[in-house]
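The values are calculated or read from the model by the stated rules, or taken from the named source; none is laboratory data. Worth saying up front: this structure is predicted, and the values here are computed from it rather than measured. Positions of Cβ are generated from backbone atoms using ideal geometry, with glycine treated the same way; all protein chains shown enter the neighbour counts. We work out accessible area using only protein heavy atoms, side chains counted, and drop any ligands, DNA or RNA first. Shrake-Rupley method; radii C 1.70, N 1.55, O 1.52, S 1.80 Å.
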Amino acid sequence: MSKNNGEKAPEEKKSNFIHLEIDKDLAENKNGGAVLTRFPPEPNGYLHIGHAKSICLNFSLAQKYGGGCNLRFDDTNPVKEDVEYVDSIQEDVKWLGFNWEGDVRFASDYFDQLYLWAVKLIEKGKAYVDDQSAETIATQKGTPTEPGKESPFRNRSVEENLDLFERMKKGEFAAGEKVLRAKIDMASPNMHMRDPLMYRIIHQSHHRTGDKWCIYPMYDFAHGQEDFIEGITHSICTLEFKVHRPLYDWFLDQIIDGDTELENKVRPRQIEFARLNLNYTVMSKRKLLELVQKEIVAGWDDPRMPTVSGLRRRGYTPESIRQFADRIGVTNRDGITDVALLESCIREDLNKKAPRVNAVIDPIKLIITNYPEGQTEEVEVINNPEDESQGARMLPFGREVYIERDDFMEEPPRKFFRLGPGREVRLKGAYAVTCTDFKKNDAGEIEEIYCTYDPETKSGATTVTRKIKGILHWVSVDNAVDAEVRMYDRLYNHEAPASQKDKDHLEFINPDSLTVVNAKVEPSLKEAKTLDKFQFQRVGYFCIDKDSTSNKLIFNRTVALKDSWAKKK
RNA sequence: UGUCCCAUGGUGUAAUUGGCAACACGUCUGAUUUUGGUUCAGAAGAGUCCAGGUUCGAGCCCUGGUGGGACAACCA
């Protein structure tokens, strides 16, 4: 409260190289100063933290320049796509805190237009129908170091191509029988310019267009035109699409050529940036799908998944993810970001927001021998020392409490300042207690701890001034609530550098990535709602899980607290 | 035997038209604290991949290396 003097300036949004590029465009008054970006996922999976980077980038660009950002589904391949993904993606974008410009767009909305443009290319002699198999075409393509060979069907007449393409559309051919290719340059050093496919035959219902089409445009023939149709000024994408850019430009050149109306339309400018790599984290959609399908995780929103929904369920906040996106910046060099940076963002956010509660993960009973049997009382504890407006609550206290097993040591080492025989500690918010004795079971494990308490030390009482260094969290035995606590470790026990991305990551799965424990928590938590977040004293941040079918409270651990004692051990 | 992109502390990023390499995370000290958290104060850690060149002066410009990445799906 009184710290406003030393207050740091609110963190300024760093400006990155894309800002500089847009600034240049604006200085030249390109597009009349308009900025329209877009986020164009294929609905073939759930969004993950890497997409979140792109979302934050595109939407914040729009905000910064007073423009907009479209949400467009790149649904050109019905084989892989599903409405489940369309729904989850919209939910995730909204949850991250962004609003797209106008209605949601779909590439499939442009299928008619794309078809017309394909016909135009055929008419110009710039596209042809090829009868060869996928394998043959692949072989003829050459390699990055060797030029390709031209297809024997390359020089079919315009009339024949028109007829064939029409019949492809009508469904006269089986999948794989024919494709439409652009006629560019089989010797180009850029593989994407070696007569790329424009259309292929897929006899499968599309989640939006149903059975209207059996030919579908390839991504390369669709994406640039989609941006063009929507009037996107800046098409921000990841580095691997840099080599596609000449092809997009070529398609647009052909389409625009001879059409004065299109000639005056905004041409999107593509700017590439490096995708996010996180250590200990796999971001490939293909592999995440595999984790789901093989039931290595419980679903796309399993809290161990790097998906937006997984992070949400784990207790990450949209603010923390946006903060992360801001901190990692945007460049065009590949790197591997340390997950510690992400974890730092969520700790920072939750530290301000999450109320502190008492919970004992691994309980052991502590009995206060000089506290009258049958007596109870309530003690007041602050909900969040970082935010006074969160107030305080009353906690029931009695003769028997649970404390953390780790908080007692029979033979404490020098720097341990929690409980041990003859030692005095404070039960947070309540009294100071001194250990007088303890009981072991036959296995030699400590079963009960006996203490006496000093009534003069009640929290808030000022009469006792002696220093008590150790402070323990506790839960009253009579009022303790059972809870299931899920502690998550890294799903992967290796670092996943970009250079290893072709390896089968599933062999690196950490089998101990989930530990479930039965904990005792304070009674106030009975009223907690799904996705509510708490800081368990000295343990970590936890989030109430939505799937609590039983009466048990279920907590997912968002992130552990920093613990310097743990490091010393 | 190609084309394109990239190279700054452990990690991620900064560094106006060339001018003392900065910030965050992480690490380590110390102080405060009824959380070994938080907060606060401080420290260590790079001379900018290498070798040349231009310049009064180069992380930035030029040349040549080295290293890493992208591109050869009827995927996006």
Close pairs (8 angstrom Cβ cut-off, 6 or more residues apart or separate chains): free of Cβ contacts under 8 Å to residues at least 40 places away in the same chain in region A:87-98, assigned to a loop (DSSP other than H, G, I, E, B) anywhere: A:GLN90/A:VAL104
Go through region A:194-211 residue by residue and tally those that are open to solvent by 30 Å² or more (accessible area, probe 1.4 Å), within 11 Å of RNA strand B (Cβ to nearest atom) and part of a loop (DSSP other than H, G, I, E, B). 2
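In region A:243-261, how many are within 15 Å of RNA strand B (Cβ to nearest atom), surrounded by fewer than 20 Cβ atoms within 10 Å (Cβ to Cβ) and within 21 Å of A:GLY231 (Cβ to Cβ)?
Our first condition is that a residue be within 15 Å of RNA strand B (Cβ to nearest atom); within region A:243-261, this holds for A:243-251.
With the extra rule that they be surrounded by fewer than 20 Cβ atoms within 10 Å (Cβ to Cβ), the set shrinks to A:243, A:245-246, A:249-250.
Going one step further and asking which of them are within 21 Å of A:GLY231 (Cβ to Cβ), we end up with A:245, A:249-250.
Qualifying residue count for the region: 3.
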Within region A:327-349, considering residues that are farther than 27 Å from A:LYS529 by Cβ and among the aliphatic types (A, V, I, L, M), the one most open to solvent (accessible area, probe 1.4 Å): A:ILE336
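Check region A:37-48 and report whether any residue there is more than 17 Å from A:LYS14 (Cα to Cα) and of a type in the set (A, V, I, L, M, F, W, C).
In the first step, residues of region A:37-48 are kept if they are more than 17 Å from A:LYS14 (Cα to Cα); the result is A:37-48.
Checking which are of a type in the set (A, V, I, L, M, F, W, C) leaves us with A:39, A:47.
Checked region A:37-48: at least one residue is more than 17 Å from A:LYS14 (Cα to Cα) and of a type in the set (A, V, I, L, M, F, W, C).
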Can you name the residue in region A:262-271 that is within 16 Å of RNA strand B (Cβ to nearest atom) and farther than 16 Å from A:PHE221 by Cβ and is also farthest from the chain's Cα centre (by Cα) among such residues? A:ARG269
Would you call A:LYS352 part of a helix (DSSP H, G or I), more than 10 Å from RNA strand B (Cβ to nearest atom) and surrounded by fewer than 16 Cβ atoms within 10 Å (Cβ to Cβ)? no
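Out of region A:136-163, which residues are in a helix (DSSP H, G or I), away from RNA strand B (no atom under 11 Å from the Cβ) and open to solvent by 50 Å² or more (accessible area, probe 1.4 Å)? Steps first, please.
Just the residues of region A:136-163 that are in a helix (DSSP H, G or I), to begin with: A:136-140, A:158-163.
Checking the rest, the ones that are also away from RNA strand B (no atom under 11 Å from the Cβ) come to A:158-163.
A:GLU159, A:GLU160, A:LEU162, A:ASP163, listed by residue number.
Can you pull out the residues in region A:272-295 that are assigned to a loop (DSSP other than H, G, I, E, B) and within 18 Å of the chain's Cα centre (by Cα)?
Here is the first cut: in region A:272-295, the residues assigned to a loop (DSSP other than H, G, I, E, B) are A:274-277, A:279-284, A:294-295.
If the condition is that a residue be assigned to a loop (DSSP other than H, G, I, E, B) and within 18 Å of the chain's Cα centre (by Cα), then A:ALA274, A:ARG275, A:LEU276, A:ASN277, A:ASN279, A:TYR280, A:THR281, A:VAL282, A:MET283, A:SER284 are the ones that fit.
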Could you grab the pairs with beta carbons closer than 8 Å, sequence gap of 6+ or different chains, first residue in region A:147-170 and under 19 Å from A:ARG194 (Cβ atoms), second one open to solvent by 40 Å² or more (accessible area, probe 1.4 Å)? A:PRO147/A:ALA187; A:GLY148/A:LYS141; A:GLY148/A:ALA187; A:PHE153/A:ASP131; A:ARG154/A:LYS183
Need pairs with beta-carbon distance below 7 Å; first residue in contact (Cβ under 8 Å) with a residue 60 or more places away in the chain and under 27 Å from A:GLU377 (Cα atoms) and within region A:441-459, second among the hydroxyl-bearing types (Ser, Thr, Tyr) and open to solvent by less than 50 Å² (accessible area, probe 1.4 Å); sequence gap 6+ or separate chains. A:CYS451/A:THR434; A:THR452/A:THR434; A:TYR453/A:TYR371; A:TYR453/A:TYR431; A:LYS458/A:TYR431
Among the listed residues A:GLU527, A:GLU495, A:GLU507, identify the single one that is at pLDDT below 90, more than 15 Å from RNA strand B (Cβ to nearest atom) and open to solvent by 60 Å² or more (accessible area, probe 1.4 Å). A:GLU507
Pairs, please: C-beta under 6 Å, at least 6 apart or cross-chain, first residue free of Cβ contacts under 8 Å to residues at least 12 places away in the same chain and in region A:241-263, second surrounded by fewer than 17 Cβ atoms within 10 Å (Cβ to Cβ) and charged (D, E, K, R)? A:ILE256/A:GLU263
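Can you pull out the strands (runs of 3 or more DSSP E) entirely within region A:366-409 that have at least 3 residues that are within 37 Å of the chain's Cα centre (by Cα)? Step through it out loud before you land on a result.
Working: elements: A:376-382, A:392-398, A:400-404.
Qualifying strands (runs of 3 or more DSSP E): A:392-398, A:400-404.
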Within region A:431-454, is there a residue that is surrounded by 18 or more Cβ atoms within 10 Å (Cβ to Cβ), within 43 Å of the chain's Cα centre (by Cα) and aliphatic (A, V, I, L, M)? no
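Of all residues being among the acidic types (Asp, Glu) and within 23 Å of A:PHE542 (Cβ to Cβ) in region A:262-315, which is surrounded by the fewest Cβ atoms within 10 Å (Cβ to Cβ)? Just the residue, please.
The initial filter retains those residues of region A:262-315 that are among the acidic types (Asp, Glu), namely A:263, A:272, A:290, A:295, A:301-302.
Right, trim to within 23 Å of A:PHE542 (Cβ to Cβ) and you get A:301-302.
Values: A:ASP301: 20, A:ASP302: 22.
Taking the candidates together, the pick is A:ASP301.
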Flag for A:LYS3 being open to solvent by 10 Å² or more (accessible area, probe 1.4 Å) and modelled with pLDDT under 95: yes
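Take the conditions open to solvent by 10 Å² or more (accessible area, probe 1.4 Å), assigned to a strand (DSSP E or B), more than 11 Å from RNA strand B (Cβ to nearest atom) and touching a strand residue (DSSP E or B) at 6+ places or on another chain (Cβ under 8 Å) and apply them to A:ARG426. Does it pass? Step through it out loud before you land on a result.
Numbers: open to solvent by 10 Å² or more (accessible area, probe 1.4 Å): yes; assigned to a strand (DSSP E or B): yes; more than 11 Å from RNA strand B (Cβ to nearest atom): no; touching a strand residue (DSSP E or B) at 6+ places or on another chain (Cβ under 8 Å): yes.
No.
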